[in-house]
Structures are given as structure tokens and as C-alpha cells.
Amino acid sequence: MGKLKIKTYPGVAGIFFGLLTIAFFMTGSTGCTKMDDYKKQFVKGDLIYPAKPDTILVYSGDYRVRLSSVLTSDPNIVKSHIYWDSRSDSMEVDVKRTQGADTVSLLVKDLLEGSHTFEVVNEDAGGNRSVPVYAVGVVYGDKYRASLINRPIASSFLDTGLQVHLSFASMDESAGPILTELHYETTNDDSVRLTIGLDVTDTLLMDYKKGSAVVYRTYYRPDSLSIDTFKTAYDTYMPQIQDVWVDLTAKYLKNPGNPFYYSTWDGGRWGDLDQWITTPNVKNAGGYGGYEVKNHSMIAMESGWGKSAITNGKIYQSVYLPYSGKWRMTVNMNDLNDQGRKYILAAAGQQFPDIDHAEDQSLAYYEFSGNHGGDNISISFTIDQPGDVTLGFLASMTDNGSFFEVNNLKLEYSYSNN
């Protein structure tokens, strides 16, 4: 810089202009200094320290980690050095800075299972290195994998559509389970894959193929920063459904009781049953019969006590049963006496046998004249293929006083997983 010449002026005005001139040149001299607003350096003697990483995150993994370093302040960083395990191993990565924040990310592989300390040092174009920043990360492997358990299947059951369900037990979530993967076969021999979240306990195996095994395994993420998922080995499960009676009453049997419904009613004790076929000779109470009300509604036949005898009287309905195999109908009796012949009966097709052929033209029968009120009476029958079956009551009773009363009926199917 050249010599500074100051012109003098007499009096107060001279002092003012002299000071103004000095201030002008001092301001101009200060403006000659160049300030680097981007580079933050720490000077200690002759050493210059570039900016250190602002943030370091270590994402755990399967014998590896992902390390992420965020750079925001120093535009002159050109390289990052990464060390671990007391500098027994290292990597370096080139950095290309942009106008804003930049992230340096790299995978560190082939690490031993356990905890590791990582050290990150930045380097600028002049070869100056920053103060190191440290971070700790966890590596998972076979030891962690060996500790994992498959989510238990607690039980299996059928719904009224004969579809198989699995009930899963709850799990301790501290180990990191996230979902269960399940495979099964359908009746069409298709393979189905399901993923089941931890919040799901009931899983439907739609169209599950009888006798086929279910295979499943559980996935884990050991912590929220893990870049890898771990899974157990497959386990095999066979749904435990052997000779289970499935109640299909509501699905296939019409007007089964509790209560029974009438189609017509005399307003007092007797009426005609809705959705059941009742022969005219059973309607011997002023043109009504088959439906009776005392304390509750019932299926009933009665002769005597002013009512005519009933010969070959029938109350029945035909139902389509869609599954081959073993079926059972159970009747809960309210009251009866031992007069006359009375049958519970199941017959193939839509025809109901006459009483003389009750035993030779039926799939199953039971003569219940000697039973008592409150008894449950069951008949079981087998069909080789889906089809119509006619179910009901058949009786011949004299006019000297005979009756039976039914509280309700139940229709069941025997399912076996084989």
C-alpha cells in the first residue's frame, strides 16, 4: 500500500475534513481483507483443521453396517476416512460437495458380530484433516439368528364354511419380530403365500387342501436402524382337525327352533310350521298342527284328547348337503309318552319314507317312543357325494292319547384333516 497523504485545513473545518479523510482511507483499507464465509477452520499454531462431520449414523446389518456421514459447513472437503476397531481397518471415500448439505454413505462389510466403534475424519484439498468423530454400531450374525424363534401356532379350527383357520400366539416384540410368512396348498393344488403381521391372530386358509402341511417362518428386524431382516428356518404344521363336529345348523337347516316359527297360527296353542312340510293328518287341531306353543314354541304331534289318530304322519324338510362324509342330526326332546310308533329319520333324496319303510328306506333312523323329555337324540348318516337329504319326524299314534314335543334340532358335519 502507498503512502497516505493527508491535506490539512485551518480551524475547526480543517479538523473535520481531516478526520473524514482518515476515516475514508481506513474504510478502504479494511475492505481489502478477503473473508471465506464457508470455511470454518481452527488454527493451532501452523495446523489447520477442516470441518468435522456434522452427523454420523451407523445402521446395523447382517455382518455389515451402513455408515452415513452428513456434511454441511465446509465446501472444501474432498475426502472422508473411516476407521474401526481401534484403526485396525479402514476405508476412504471421495467427496464431491454441492451447494447444500451432502451425505457420505458407504457399506462396511465382513465385520465380526458384535459392537464396533467407528471413527470418521474429513480431509480438505490441502491435505488437512479434521478432528475425528466417533460412533458406535452393532453387527448381527449367526448368534443373533440362532436366538430367534418362530411365532407359535396355538391351534387350528373350522368355520361354518368348513374353511380352516390358524390361531397364532402372541410374541415378545423386544427381539424384533415383524411378520410371519406362511405357505399352504389349495384344493386346486395351487401354492398360496401369506404374510401375517404381529397384530393378526386369526388367519384364514381359504380353500385349504385337506391333509397338506403348512410351512411358515418369522422375519425379524433387530433394531429400527437395521438395513437387513433376519428369518427363522421353516417349521411345518399340520392343522389338528380330526373328527371335529362342525355345527352347520344355521347354514343348512331351516327353522330349527329356539324359537320355531309358524306360517299360520290359531292364536292359542296350535299352528302350522314355517319351512317344514307337514302332512294333513298331523293338522288335527282345528286344521292346525305340527307347531305348538306352551311355555315356548315347539315341533309337536298329538293324538287323542279330542284329536283324531295319526297314521303315517310326517313333518320333514329337504336340504342340500354340499359335503360328502358323515353328518349328524340331534333332536332335543321337550316331552313325550310311549304310545304309538315315533321315528327321527334321514333319507336320501327329496322323498320321505312311509312308516312301514322307515327302517329299510332311510339313511339313518331312531325310534324314540321310549325316550323321555329333555333327552338329546342323535342319528348319524354318511353320504358319498353332495346331494339332497330329507330330515324329519314320522309317527303313527292312536287316539287314546299319544304325543311328542321337540325343543330344537342341530345339524353337524364331521370334518377330519385327512
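Of note:
- Approximate spin-label separation Gln163-Ser88, in nm, with each point projected 7 Å along Cα-to-Cβ: 5.6
- Here the gap between Ser212 and Ala146, fully extended at 0.36 nm per residue and compared with their Cα-Cα distance, gives a gain of 20.9 nm.
- Remark: spin-label model distance Glu173-Met238 equals 3.5 nm, labels positioned 7 Å along the Cα→Cβ axis.
- Packing, as the average of other Cβ atoms within 10 Å across residues, places the peptides 402-410, 233-241 in the order 402-410, 233-241, highest first.
- The length gained by stretching the chain between Ile227 and Ile377 to full extension, at 0.36 nm per residue less their Cα-Cα distance, is 47.7 nm.
- Cβ crowding within 10 Å ranks Met301, Met91, Met333 as Met91, Met333, Met301, fewest other Cβ atoms first.
- Once the Cα-Cα distance is subtracted from the 0.36 nm per residue extended length, the Asn312 to Ser191 segment shows a gain of 38.2 nm.
- Cleavage-rule hits, trypsin sites (Lys or Arg not before Pro), the range 92-172, DSSP coil, Cβ neighbours within 10 Å at most 10: Lys96
- Fewest-first ordering of Glu359, Glu181, Glu173 by other beta carbons within 10 Å of each residue's beta carbon gives Glu173, Glu359, Glu181.
- Summarising the amide proton neighbourhood of Tyr261: residues at separation of 5 or more, or on other chains, whose placed amide H is nearer than 5 Å comprise Asp274.
- The charge dipole of the chain, taken about its Cα centre with unit charges on the Cβ of Lys, Arg, Asp and Glu (plus for the first two, minus for the last two), comes to roughly 2740 debye.
- For Kirkwood radius over Cα pairs in Å, the value computed from the atomic coordinates appears in the list [x] 30.4; [y] 23.7; [z] 27.2 under label [x].
- Whole-Hz couplings from phi, Karplus 6.51/-1.76/1.60, listed for the range 200-212; x for Gly and Pro: 9, 10, 10, 10, 8, 9, 4, 6, 4, 7, 3, x, 8
- Cβ-based exposure ranking for Asp110, Asp272, in which fewest neighbours within 10 Å come first: Asp110, Asp272
- The chain - mean residue ellipticity at 222 nm from DSSP helices (-39,500 (n - 2.57) per run, n ≥ 4, rounded to 500): -2000 deg cm²/dmol
- Acute angle (nearest 10 degrees) that the helix 11-30 long axis makes with the longest principal axis of the chain, alpha-carbon atoms: 60
- Cβ-derived FRET efficiency at R0 22 Å, Asp399 paired with Asp356, nearest 0.05: 0.65
- Dipole-positive endmost among Val78, Gly374, Val192 within the chain (Cβ charges, Cα centre): Val78
Just so you know, all these numbers are worked out from the coordinates, no wet-lab data involved. All values reported here derive from a predicted model rather than from experimental measurement. Note that each Cβ is placed from the backbone with ideal geometry, even for glycine, and that neighbours are counted across all protein chains shown.
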